[in-house]
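The values are calculated or read from the model by the stated rules, or taken from the named source; none is laboratory data. Keep in mind that what you see is a predicted model, and the values were worked out from it rather than measured. Here the Cβ is made from the backbone with ideal geometry for all residues, glycine too, and neighbour counts use every protein chain on show. Quick note on the areas: whole protein, heavy atoms, side chains included, nothing else; ligands and nucleic acids left out. Shrake-Rupley method; radii C 1.70, N 1.55, O 1.52, S 1.80 Å.
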Amino acid sequence: MKRIIAALLTVSCLSGCAGIPAGGWVTAQDNGERTEAFDEPYVRVVPTRPQDGWSAEELVRGYLVAMANFDNDRESLRAYLAEGETWRPEGRPKVTVLDDPEFSEPTLLPPVTEEGDEATVQLYGTRLGQISSSGQYEALNEPNHEVTFALRRVTPERWRIVGHPDELVLYRSDVDRVFRTTNLYHFAPDRQSLVPDSVFLPLLNRPDLPSQLVESLLSKTVPWLGGAVVSSFPQGTHLLGRVRLDEDVATVNLSEEAASGNVDHMSAQLLWTLGQLTEIRAMRLQIDGRTRRTSDGLDVQEKKRWEELGPDAPGRITGGSPYLLSADGRLALLQGSEAAVVPALRGRTFRDAAVALNGQQFAGVSGQALFVGDLSGGQIRQVLGPEKGATLLRPSWDRAGNLWIVQNKGRSSTLWLLRPGQAKAVKLPPLAELRPGQQIKALRVARDGVRVAALIGDGTQTEIQIGRIAPDDSSDDTYSLGFHSINAELGSLVDLAWRDADTLAVLGTVGASTSILPYEVPISGGSIRAIGGSFEGTPVSITAAPGEEILLGIAPGKESQASSTCLQSFNEDPRFSTWDCNINGFSPVYPG
């Protein structure tokens with residue numbers, strides 16, 4: 001490049017600098033220690049205003065740098081536009097993310113040359129994904145994406161942009177530098193659990209970050225979870241002034257509209273959102289300058305006060321022990337590396353099973369029929385009969401006791417739902433999110449009861465997708481799941497499970513490797529992380545739970561004609577954990 005078009009104001013990037021996996025997303029490179037993304041070094045780029053004598057390509061190059069600057073209402077960006085051209089997107093702009101190494105430099109398109117008064121400059125390469133106006137990232141991995149800019153010569157020495165994309169166009173390194181991931185916490189419809197909405201926020205000014213988080217939580221922008229979650233803040237509620245910090249106590253002063261809201265619920269949403277920052281231990285809630293107490297009389301409250309509302313809700317999930325199927329298909333409780341068949345089910349065999357979060361009920365797939373019963377005994381009933389040519393996947397229980405069932409036939413998937421007290425599963429309307437030929441390969445409901453993780457494929461490619469259970473007002477049996485892809489780095493995907501509220505455990509391959517291995521995959525779309533060392537055999541299933549060891553189901557191989565289960569040994573850094581694969585049985589499951 002002929003001229004310097006930006007200045008960098010920063011400390012040097014150390015090992016905590018962020019990086020993007022190819023086809024994945026921006027996050028901090030992990031050195032084995034978990035740190036808050038907002039505490040990583042921040043590189044601020046101050047773009048140069050357009051200079052006389054710049055070529056059309058140089059002008060576009062400078063414009064791309066200016067797009068990554070969020071200061072002064074984007075004054076530097078508008079300096080690149082021709083008079084009369086505007087760039088004022090409503091709310092937070094969408095962002096298209098380009099892959100640095102695979103994207104071309106701005107190129108002047110023939111047959112136009114700089115001899116005329118108009119020019120077209122194009123970038124060509126891989127689009128990794130996009131960030132929505134509400135902050136969600138969707139992995140796209142489009143290798144032949146084009147971005148085009150139209151320019152006009154306004155003076156003999158000056159080019160300006162007259163045609164440009166409506167969204168921000170940023171290279172992955174710019175997004176990595178400018179944006180940070182965070183959770184905004186909303187309530188599930190029953191207000192019994194908080195649900196994290198993982199979003200990307202531009203890091204403008206670190207001291208202003210607490211205020212930025214609160215304003216984002218109160219924003220009118222409809223979150224991706226909209227329709228599946230509720231907010232405790234009355235309409236029109238906004239932040240008065242800034243969030244004040246007195247040592248490690250944050251004071252949040254909300255407008256008078258908040259007076260009609262539930263103080264406990266508003267406090268829980270605020271503290272779970274602000275509690276992600278290392279400098280905040282506790283919070284004081286004010287409304288129009290007056291401190292409000294919680295229902296138990298606290299004027300200064302800590303996050304632990306609302307732990308029971310957390311998305312993983314350990315206190316409300318009574319069934320925590322894993323299960324598996326014995327070599328002959330009987331459901332067994334796994335304790336350590338020893339499995340004991342459930343006494344009430346000694347006479348029953350299954351090829352797959354799921355245990356409810358309350359630890360009392362189970363669902364078992366036998367042949368192509370689904371049975372449900374109580375683990376302590378009693379009647380076992382068939383809730384979904386076999387259908388010729390159809391295959392049932394392992395079902396998934398949600399927090400309310402609903403059982404979600406996927407039935408595949410040909411190249412299509414049908415979703416069934418069994419509600420508590422129902423005798424038979426109900427067939428749900430076709431999912432609008434599935435394109436023709438797409439099929440669900442695995443589906444797991446999160447412990448918050450709102451979000452869903454799935455493997456969805458079309459015969460040539462399978463993706464990790466996240467959805468949310470949003471009921472349709474027109475029918476009790478109609479749902480919008482709103483799936484979107486979160487990571488395109490893993491291939492040959494086999495199975496997945498919820499590791500915790502923010503992370504999936506996924507079986508797949510990386511790059512040119514053909515070895516199927518377990519990986520931690522952040523639902524934000526962040527960099528994946530390998531789980532554990534090597535083991536014998538090919539894993540075909542995976543199960544996980546917050547704070548518990550991961551379990552793998554291993555297919556029969558050359559060394560052994562029987563299926564087995566591998567148990568992860570505990571290690572603070574899961575990359576270095578080992579596996580005990582001497583457990584007899586297959587298809588291990590934690591409740592859920």
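Per the Debye formula on identical point scatterers at the alpha carbon atoms of region 385-529, with no solvent, log10 I(q)/I(0) at q = 0.11, 0.13, 0.19, 0.20 Å⁻¹ is -0.41, -0.57, -1.19, -1.31. Report Glu105's accessible area, 1.4 Å probe, all protein chains in place, as a number in Å² to the nearest 10. Accessible area, nearest 10 Å²: 110 Å².
Of the heavy-atom accessible surface of region 298-413 (probe 1.4 angstrom), what whole percent is carbon and sulfur? Please list the in-between numbers first.
Working: 2440 of 5100 Å².
Its accessible area is 48 percent carbon and sulfur atoms.
Computed from Cα atoms, the angle from the helix 209-218 axis to the main principal axis of the chain rounds to 70 degrees. Charge tally around Thr349: other residues with Cβ under 14 Å, Lys/Arg +1 each, Asp/Glu -1 each, net +2.
For region 124-218, what D do you get in µm² per second when you plug the Kirkwood radius from alpha-carbon pairs into Stokes-Einstein at 10 °C and 1.306 mPa s? Let's see the in-between values first.
Numbers: Rh = 16.4 Å.
Stokes-Einstein gives a translational diffusion coefficient of 97 µm²/s.
Since only Tyr323, Gln422, Gly385 are under comparison, the one whose Cα sits farthest along the positive direction of the charge dipole of region 292-429, derived from C-beta charges on Lys, Arg, Asp and Glu, is Gly385. What's the angle, to the nearest 10 degrees (0 to 90), between helix 56-67's Cα axis and the longest principal axis of the chain? Tilt relative to the chain: about 60 degrees. When only Cα pairs below 8 angstrom with a gap of at least 6 residues are kept, the chain shows a relative contact order of 10 percent. If you take the alpha carbon atoms of region 338-439 and fit the smallest convex hull around them, that volume is 120 Å³ per residue.
Sorting the segments 168-174, 280-286 by their residues' average number of neighbouring beta-carbon atoms within 10 angstrom, most packed first, yields 168-174, 280-286. The gain in end-to-end length when the Phe576 to Glu308 segment is fully stretched comes to 93.4 nm, 0.36 nm per residue minus the alpha carbon separation.
Counting lysine pairs in the chain whose alpha carbons fall under 29 angstrom apart, excluding pairs fewer than 8 residues apart on the same chain, gives 13. Of the residues Ser376, Val147, Leu552, the one whose Cα sits farthest towards the positive end of the charge dipole of the chain is Ser376 (charges of +1 on Lys and Arg Cβ, -1 on Asp and Glu Cβ, taken about the Cα centre). Close amide-amide hydrogen proximity is noted between Thr48 and Ala6, Ala7, each under 5 Å apart and 5 or more residues distant or on a separate chain (H modeled in the peptide plane; Pro and chain starts excluded). Taking all C-alpha pairs of the chain, those more than 43 Å from each other amount to 27 percent.
Accessible surface of Tyr479, taken over heavy atoms with a 1.4 Å probe and every protein chain present, rounds to 50 Å². Only the Cβ atoms of Lys and Arg (+1) and of Asp and Glu (-1) were treated as charged; on that basis the dipole of the chain about its Cα centre amounts to roughly 1480 debye. Entry comment: accessible area of the chain is 43 Å² per residue, from protein heavy atoms only and a probe of 1.4 Å.
Placing +1 at every Lys and Arg Cβ and -1 at every Asp and Glu Cβ, with all other atoms neutral, what dipole size does region 234-376 have around its Cα centre, in debye to the nearest 20?
Working: 15 positive and 18 negative charges, 64 e Å.
Charge dipole, region 234-376, about its Cα centre: 300 debye, nearest 20.
Here the simple spin-label model places points 7 Å from the Cα toward Cβ, and for Ser515 and Asp166 these points are separated by 4.7 nm. Taking the C-alpha atoms only, the angle from helix 263-274 to the longest principal axis of the chain is near 70 degrees.
Would you mind getting the Kirkwood hydrodynamic radius of region 428-504 from its Cα pairs, rounded to one decimal in Å? Can you show the working numbers first?
Details: mean 1/r = 0.0762 Å⁻¹.
Final number for the Kirkwood radius of region 428-504 is 13.1 Å.
Given R₀ = 45 Å, FRET efficiency for Asp117-Ser219 by Cβ-Cβ distance, to 0.05? Present the calculation step by step, with values, prior to reporting the outcome.
Working: r = 43 Å, r/R0 = 0.95.
Once rounded, the FRET efficiency stands at 0.60.
Applying a DSSP loop filter and a limit of 12 other Cβ atoms within 10 Å to the GluC sites (Glu not before Pro) in region 518-592 leaves Glu559, Glu572.
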